[in-house]
Each structure stands twice: as structure tokens, then as C-alpha cells.
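Below is one structure; the comments refer to it alone.
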Amino acid sequence: MVSMKVTLRRLSLPLLIAAALIAGGCSSSRRATTGRSKPTQSQPTTVKIVPSTERQVSELVKEARKWIGTPYAYGGHTRGKGTDCSGMIMELFLKVYDLKLPRSSAMQREFARKVDYDRMMPGDLVFFSTSKNSSRVNHVGLYIGDNRMIHASSSRGVMESNLAENYWKRTYHSSGHIIETNPKKQAEASPAIPSKSATNVPSISLKRLQELYDALDEQIDSIYVSDPAIFD
């Protein structure tokens, strides 16, 4: 058993390095697809911040409240059979904005534009590191205002929590937004200019990057559950 864990750990390191290199090359042009129109590789859809109305934000929070009480299910994303944290977030943005976000909380963090904690607005995402690796995002919630979020707890299912609680203050990693309720500000924003160092990086689809990340994520989680001391 020990030799198998060591082997898995060695296998995960090259994959982690490869995923990091790929993510670095794609960081200047993050992509997401809408449910109605799937872009081809020749015509990718680049999404940084999605214009939104106050009504859509209210609808997003309203939809999130409908999920409260849904049981937790790792890898799930439905109200009927259960959901995990990132699965619920993905379904909420797909329903309200017709926007398909990355599947994992860590990749949703990479997709979102960072925002300071004290500047969060309803509809923003708040990320946490609840494992021993404090730098690794593994939980996400939807900020709904008044220092509160709706999220899928692994022990209690989808619920509303106060971010002032010691646990969330201790495990808070970062926050970010995907929607912008001020279209004028969005129109005036300067477009990102890709650096010369990134021009020769081979392109890779978001789907393939997601597959690589999920494979790595599952390997690390399985190793940590079986022997947490291996990461000490």
C-alpha cells in the first residue's frame, strides 16, 4: 500500500507541473462557453466579466436559495440527487447567465477576476482552503450580501453561512467576481494585452484543461484521505 501511495504521488507531480504550465499559458485569455452557443476551437469565446443587471443578480441569489437543503454529493450538480460546492455554482450561472463555468472550485477561482473581501457584491464568489494545504482552493460559495454566502457544505448540504464565523475567517482564501452590474465601467475597461512570453505557448481547450485538473485533483484527494501525513 505504501509503495502504491508513493507511486501515485510521483505520478501526480509531473501532471501538476504540466497543468501549471498549461494554466500559466492560458491565464491571459480565460474562456467559458455558453449553454446555447458552443464555440469552436477556431472561434473561442473569451469571457472576463459578464455584463449583468440588478434583476439578474437578484435572480441569481433567488435561485441559490432554492438549493438550500439539497444534500451534498461529491461530483454532483443537481438539486434532486445532490451537489458539491462548485457543481451548484456552475448550475446557477448556467441557468441565470447561460454561462458555463469551469467545474472545480480551483478553476472557478482562476476564471474569476479577483476582488478585495471588503468590496464583494452579491453574485461574487468567495473561495476557501479548508485542507491542510492552505494555498489550494477546494471550496467555493456564492456571496449574497450582508457578509453571508450560500454554499454546499460536505456535512450539512447546501446552506447559508455567515462569513464572520471563525471557521470561514480562518480558511478564507480569496474572492472574485464574474458579473459586472455597471456596463459603462465594463466598456471603459482597458482590454488585456497578452505578453510576448505567452505568444508561443500552445493553446489548449478549457475542456482538456479541466480534464487534466480533475484527474490531478482526484489523485491528490485520494492520497490525502488515505494518508494525510504524506503532505506534511
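The values are calculated or read from the model by the stated rules, or taken from the named source; none is laboratory data. It should be emphasised that the depicted structure is a prediction, and the values quoted were computed from it without experimental measurement. Neighbour counts are summed over all protein chains in view; Cβ atoms, including those assigned to glycine, are modelled from backbone coordinates with ideal geometry.
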- Taking strands (runs of 3 or more DSSP E) that fall entirely within the stretch 78-187, which contain at least 2 residues that are free of Cβ contacts under 8 Å to residues at least 24 places away in the same chain? 148-153, 157-162
- Item | Failed item in (1) among the small types (Gly, Ala, Ser); (2) at pLDDT below 95; (3) loosely packed, with under 15 Cβ neighbours inside 10 Å, with Ser131 passing the rest | (3)
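Going residue by residue through the stretch 105-127, is there one that turns out to be aromatic (Phe, Trp, Tyr), buried (at least 22 other Cβ atoms within 10 Å of the Cβ) and in contact with a helix residue (DSSP H, G or I) (Cβ under 6 Å, 6 or more places away or on another chain)? Full working, then the answer.
Of the stretch 105-127, the ones aromatic (Phe, Trp, Tyr) are 111, 117, 127.
Next, only the ones that are buried (at least 22 other Cβ atoms within 10 Å of the Cβ) stay: 127.
Next, from what is left, pick out any that are in contact with a helix residue (DSSP H, G or I) (Cβ under 6 Å, 6 or more places away or on another chain): 127.
Scanning the stretch 105-127 turns up at least one residue that is aromatic (Phe, Trp, Tyr), buried (at least 22 other Cβ atoms within 10 Å of the Cβ) and in contact with a helix residue (DSSP H, G or I) (Cβ under 6 Å, 6 or more places away or on another chain).
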- Collect the residues in the stretch 124-172 that are aliphatic (A, V, I, L, M) and under 16 Å from the mean Cα position of the chain (by Cα), keeping them in residue-number order. Leu125, Val126, Val137, Val140, Leu142, Met149, Ile150, Ala152
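I'd like to know if the stretch 203-212 contains one or more residues that are among the hydroxyl-bearing types (Ser, Thr, Tyr), over 24 Å from Arg65 (Cβ atoms) and either modelled with pLDDT under 75 or surrounded by 12 or more Cβ atoms within 10 Å (Cβ to Cβ) (or both). Reasoning before the result, please.
Pass one, the stretch 203-212, residues among the hydroxyl-bearing types (Ser, Thr, Tyr): 203, 205.
Pick out the ones that are also over 24 Å from Arg65 (Cβ atoms) and you get 203, 205.
Those still in the list that are either modelled with pLDDT under 75 or surrounded by 12 or more Cβ atoms within 10 Å (Cβ to Cβ) (or both) too: 203, 205.
Within the stretch 203-212, one or more residues are among the hydroxyl-bearing types (Ser, Thr, Tyr), over 24 Å from Arg65 (Cβ atoms) and either modelled with pLDDT under 75 or surrounded by 12 or more Cβ atoms within 10 Å (Cβ to Cβ) (or both).
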